[in-house]
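Here, each number is a calculation from the coordinates, and none is a lab measurement. Everything numeric here is computed off the predicted structure, so don't read it as measured data. Cβ placement follows ideal geometry from the backbone for every residue including glycine, while neighbour counts extend to all protein chains displayed.
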Amino acid sequence: MNSESTESATQPPAPNDWAVLAHQAATDVHARFGHRLMGLPGTWIASIAAPSLGASTPFSPWHYWWQAHYLDAVVDSGFDALSAGKHQQAATELSRARALLRGILLRNFGRFPNYFYDDMAWLALACARLNDLSRNVAGKPSRLASFAVASLTRQLHGAHDDVLGGGIYWSRKRDFKNTPANGPAALHFARIGELDRAGSLADWLRTELFDPEQGLYLDGIHPSSTGRDVEKNIYTYNQGPILAALLQLDHPQYVAQAEQIIDAVVLHLTVPGQGIRLEPGEDGSLFTGILCRYLALAGRDGRLSAESRATAALLVTETAAAFTGPAPALLSAAVQRWTIFAAAATCQRP
């Protein structure tokens, strides 16, 4: 990290009670977007827009991966309640998470597989965490979450081949391999103990889509008549799950790569005084929150240097401090705000 970025990463924002703000953001999302799917008991789902913009009907445009991140955020609330000794609240969040997963299953026409492998990887990550929450709260895994993890993991296995030297495809069209699919898939495989497969995806990403000049991961690669056509866009969210996957792989080589990502985020993805840049668009309204989620984990990882941990945590809290103004009207932006506040609360814990 250069001296200018080091100096900017040493001045924390004004203190905030991020846990309180995360709780308020969660309450807002549940109240303005959440509802039973078609009124069915035991289900939950989120509209893609708040009622002021015209609440979605059960079969309005379907954003599978938005719901996956909503589920991840609900699971966050459950673990936060457990950490605070609030077991009844944790049980409430577990119940909501189970209902949301049922809602996702029904809204996706009774199946968990989807056309896009990155979508499936996001839901697999959330469901594996839901299982962990269920074990902690109820003493046993969630049957539906276990089924989802098994089903989605099989799909991800099937998307992995040797074309372009490895990696998994973005979609069932199988004409594009990208960081949005391979990052969360690598993290998922690492978390469920498939370390060889996770390591192969991390190594493939490093070989094919890592830009050494910027220290960040490019978007994706197409097979072509010339061999490879690379999409060189750099997005905030692409850096998050691969950062977490590198740490989950637990090897000095990968830990060093994780530190490089944190430094590169400071240099290339921040706005002075406002933390990490925000991305445009409806899907883009989730991107910065995803990076913050995984930076918060890095900020508490003792294998990283003290400087890297402090930088990761400060990136999150600076970003959270910049979130002011009215509550977002789109689900993606509202879940992002919640995720960022929750990540800042994680960084704030002793």
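General remarks:
- Residue within region 77-86 that is touching a strand residue (DSSP E or B) at 6+ places or on another chain (Cβ under 8 Å), closer than 26 Å to Ala25 by Cβ and of a type outside the set (Phe, Trp, Tyr) present: no
- The set of residues in region 171-186 that are surrounded by 24 or more Cβ atoms within 10 Å (Cβ to Cβ) and touching a Phe, Trp or Tyr at 6+ places or on another chain (Cβ under 8 Å) comprises Lys177, Asn178, Thr179, Pro180, Ala181, Asn182, Gly183, Pro184, Ala185.
- Looking across region 84-122 at every residue that is part of a helix (DSSP H, G or I) and without any contact (Cβ under 8 Å) to a residue 24 or more places away in the chain, the one that is surrounded by the fewest Cβ atoms within 10 Å (Cβ to Cβ) is identified as Gln88.
- Subset tally (residues that are β-branched (Val, Ile, Thr) and touching a Gly at 6+ places or on another chain (Cβ under 6 Å)) for region 86-107: 0
- Of the listed requirements (1) in contact (Cβ under 8 Å) with a residue 60 or more places away in the chain; (2) farther than 20 Å from Ala244 by Cβ, Gln155 misses just one: (1).
- Single residue of region 247-278 satisfying the filter (aliphatic (A, V, I, L, M) and assigned to a loop (DSSP other than H, G, I, E, B)) that is farthest from Leu216 (Cα to Cα): Leu278
- Residue match in region 103-124 (condition: of a type in the set (Val, Ile, Thr) and either more than 23 Å from Asp283 (Cα to Cα) or out of contact with any Leu (no Cβ under 8 Å at 6 or more places or on another chain) (or both)): no
- Selection within region 204-225 - in contact (Cβ under 8 Å) with a residue 24 or more places away in the chain and outside any strand (DSSP E or B): Trp204, Leu205, Arg206, Thr207, Glu208, Leu209, Gln214, Gly215, Leu218, Asp219
- The single condition among (1) free of Cβ contacts under 8 Å to residues at least 24 places away in the same chain; (2) assigned to a loop (DSSP other than H, G, I, E, B) that Arg309 does not satisfy is (2).
- Of all residues making up region 286-326, the number that are closer than 18 Å to Asp76 by Cβ, surrounded by fewer than 24 Cβ atoms within 10 Å (Cβ to Cβ) and among the hydroxyl-bearing types (Ser, Thr, Tyr): 0
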